[in-house]
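Following: one structure in structure tokens, then a few remarks.
The values are calculated or read from the model by the stated rules, or taken from the named source; none is laboratory data. All values derive from a computational prediction rather than experimental measurement. All Cβ positions, glycine included, derive from the backbone under ideal geometry; neighbour counts span all protein chains shown. The area values use the complete protein model at the heavy-atom level, side chains included, leaving out ligands, DNA and RNA. Shrake-Rupley method; radii C 1.70, N 1.55, O 1.52, S 1.80 Å.
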Amino acid sequence: MTPASLSVKSRYVAVVGAGAAGLVAARELRREGHSVVVFERGNEVGGTWVYTPRVELDPLGIDPNRPIVHTSLYSSLRTNLPREVMGFRDFPFVIRPVENRDPRMYPGHREVLMYLKEFAREFGIEEMVRFETEVVKVGILENGKWKVRSKKTSSFNNENNDNYDDNSDIINISEVEFDDEIFDAVVVCKGHYTEPRIAEIPGINLWPGKQMHSHNYRIPEPFRDQVVILIGSSTSAVDICRDIAAAAKEVHVASRSVADETYTVQLGYNNLWLHSMIDSAREDGTVVFRNGKVVLADVIMHCTGYKYHFPFLDTNGIVTVDDNRVGPLYKHIIPPALAPCLSFIGIPWKISPFPLFEFQSKWIAGVLSARITLPSQQEMLEDLKAFYSTLEASGIPKRYTHCMGESQFEYIDWLASQCGCQGIEKWRKQMCYAAYENFSLRPDTYRDDWEDHHLVLEAHEDFTKYTSIS
């Protein structure tokens, strides 16, 4: 569907979410001359970087009717990339010379939230945000415009409020007041860290222990003197297993990415083991691994990632999520049949998120103003078909469609060329590579053993170009 209003230079745009993606999207859209409203269900900016000690009533996170906690942060979480790499281009993530800030190269989550709040203040983004306003439905109209239905989330049931009551979300639907508004375009910036993926384990329905997802992990104390099995091998899994090992009796990590015979104690620990994947769970409370080891466990924690989930979005079946592939999305951003007035920022993963969000936002802002011309719908679909074929030929599962890794740099450079701006900086790319290598070599100490100091110097020399940092 090609909107008749393609020549319009300024559009009225709804942005769903005021996390990092929503904030930079709002800035770039306004810079391009669009009028922007940002919908944020919480009472502050930051999205998933707003920490709360609360967890969901359903520890596995599979009950569709559960009150959702929209963050997966655990108390000890630190970034897995250097702060220099993480920042937006013209607002570097530098150390601020004020009290109660985290000066570490890999800071804790509170420091990231402070950075995002400073970014929002610096560029006047908060004035565009409707706080405590949840989008409940986004749908396309016959004239190509979009209707956004929202509702207020009062302070007592806002998850970021200290007086939150888990039961307060259970209210009579007739008491909710909805507000409908018409927009020219919608940019979806909803994070994908609230709908857990759960590992399939034969016999788990009869296993008597506790299951949970890492989405609901905060601190290690509840696991004191327990035997915990953790499934996964991501950076969060590496962090959490070590966090829990300080309190638990035993921690056993099950990974699909190691050989079936794997059974090794982790260096520096006497209660932390790496196993191959779980083979089965038994009614007597034991868990059998593919390496033949049997463990009597209290808890199984799934550190198995998340599913994309857009329950508010009604595209008449045009945009779907199939085995965690959101599609069809041209360049991971725009569904060709709804171009250019529906877009998604922040779908890719295994990336340096903030810079990627920034370039995606620049591109969609230019597309909406018609400064950047999209290919035809058919050409975009052909591009997607070729991309999917390449993934299939390479043996990459559908659920890894949006996993980028090293390809993020080529992707960002393509977006930059479309926007007419400089691509990813050489030092930023090299710092990413160095960070990945350090993590693989020293998972326990990589955050505090940085050796490539010349890259830090290059980054800070580059930062002097930007007058917005103080």
Probe 1.4 Å, all chains present, heavy atoms only: residue 314 accessible area in Å², nearest 10, is 60
Helix 353-368 sits off the longest principal axis of the Cα atoms of the chain, rounded to the nearest 10 on a 0 to 90 degree scale, by 30
Across segment 259-399, qualifying lysine pairs (alpha carbons under 18 Å, at least 8 places apart or different chains) come out at 8
Charge dipole of segment 1-155 built from unit charges on the beta carbon (Lys, Arg +1; Asp, Glu -1), centred at mean Cα; most positive-end Cα among 34, 15, 143 is 143
Here segment 242-258 yields Karplus 3J(HN,Hα) values (6.51, -1.76, 1.60; θ = phi - 60°; whole Hz; Gly and Pro given as x) of 6, 4, 5, 4, 6, 10, 6, 5, 9, 10, 10, 9, 9, 10, 7, 8, 10
Per DSSP, the loop-located GluC sites (Glu not before Pro) within segment 77-127 having at most 15 other beta carbons within 10 Å are 99
Taking every other residue with Cβ under 13 Å from the Cβ of residue 246 and scoring Lys and Arg +1, Asp and Glu -1, one gets -3
With -39,500 (n - 2.57) per DSSP H segment of 4 or more residues and division by the full residue count of the chain, the 222 nm estimate, nearest 500 deg cm²/dmol, is -7500 deg cm²/dmol
Checking rank on 255-265, 330-340, with mean other Cβ inside 10 Å and highest first, the result is 330-340, 255-265
Contact order relative to length for the chain, counting C-alpha pairs under 8 Å separated by 6 or more residues, stands in percent at 19
Taking 229-237, 278-286 and ranking on average Cβ neighbours within 10 Å, highest first, one gets 229-237, 278-286
Probe 1.4 Å, heavy atoms of protein chains only: per residue, the accessible area of the chain in Å² is 45
Rounded to a whole %, the carbon-and-sulfur portion of the accessible area of segment 323-470 at a 1.4 Å probe is 52
Output ordering of 213-221, 23-31 (per-residue mean of other Cβ within 10 Å, highest first) is 23-31, 213-221
Other residues with Cβ under 14 Å from the Cβ of residue 348 give, with Lys and Arg +1 and Asp and Glu -1, a net charge of +1
Counting only protein heavy atoms with a 1.4 Å probe and every protein chain in place, the carbon and sulfur fraction of the accessible surface of segment 27-91 in whole percent equals 54
With 0.36 nm assigned to each residue of separation and the Cα-Cα distance removed, residue 136 to residue 286 gains 49.7 nm
The simple spin-label model distance between residue 461 and residue 382, using points 7 Å out along Cα→Cβ, in nm, is 4.5
The chain: antiparallel bridges as % of DSSP beta bridges, rounded to 5, reads 45
Measuring from its Cα centre, the chain shows a charge dipole (+1 at each Lys and Arg Cβ, -1 at each Asp and Glu Cβ) which, in debye to the nearest 20, is 640
Per the C-alpha gyration tensor (a ≥ b ≥ c, the square roots of its eigenvalues), segment 341-446 is rounded if a/c is under 1.5, else prolate if a/b beats b/c, else oblate; here it's oblate
Calc'd 3J(HN,Hα), segment 381-396, phi into Karplus 6.51 cos²θ - 1.76 cosθ + 1.60 (θ = phi - 60°), Hz, glycine/Pro = x, comes to 5, 5, 4, 5, 4, 5, 4, 4, 5, 5, 4, 5, 5, 8, x, 8
Around residue 323 (Cβ within 10 Å, Cβ-to-Cβ, excluding residue 323; K/R +1, D/E -1) the net charge comes to +3
Sorted by chain and number, the residues with a modelled amide H under 5 Å from that of residue 136, at a separation of 5 or more or across chains, are 149, 150, 151
For segment 103-150, the dipole about the Cα centre with charges only on Cβ (Lys and Arg +1, Asp and Glu -1), to the nearest 20 debye, works out at 180
With all protein chains in place and a 1.4 Å probe, residue 91 shows an accessible area in Å² (nearest 10) of 10
The long-range amide H neighbours of residue 262, using H built 1.01 Å from N in the peptide plane and a cut-off of under 5 Å, are 276
Relative to the chain, whose Cα atoms define the longest principal axis, helix 20-31 and its Cα axis are tilted in degrees, nearest 10, by 10
The rounded separation in angstrom of the Cα centers of segment 398-440 and segment 108-122 is 23
In this structure, the FRET efficiency calculated for residue 35 and residue 63 from their beta-carbon separation, with R0 = 35 Å, to the nearest 0.05, is 0.35
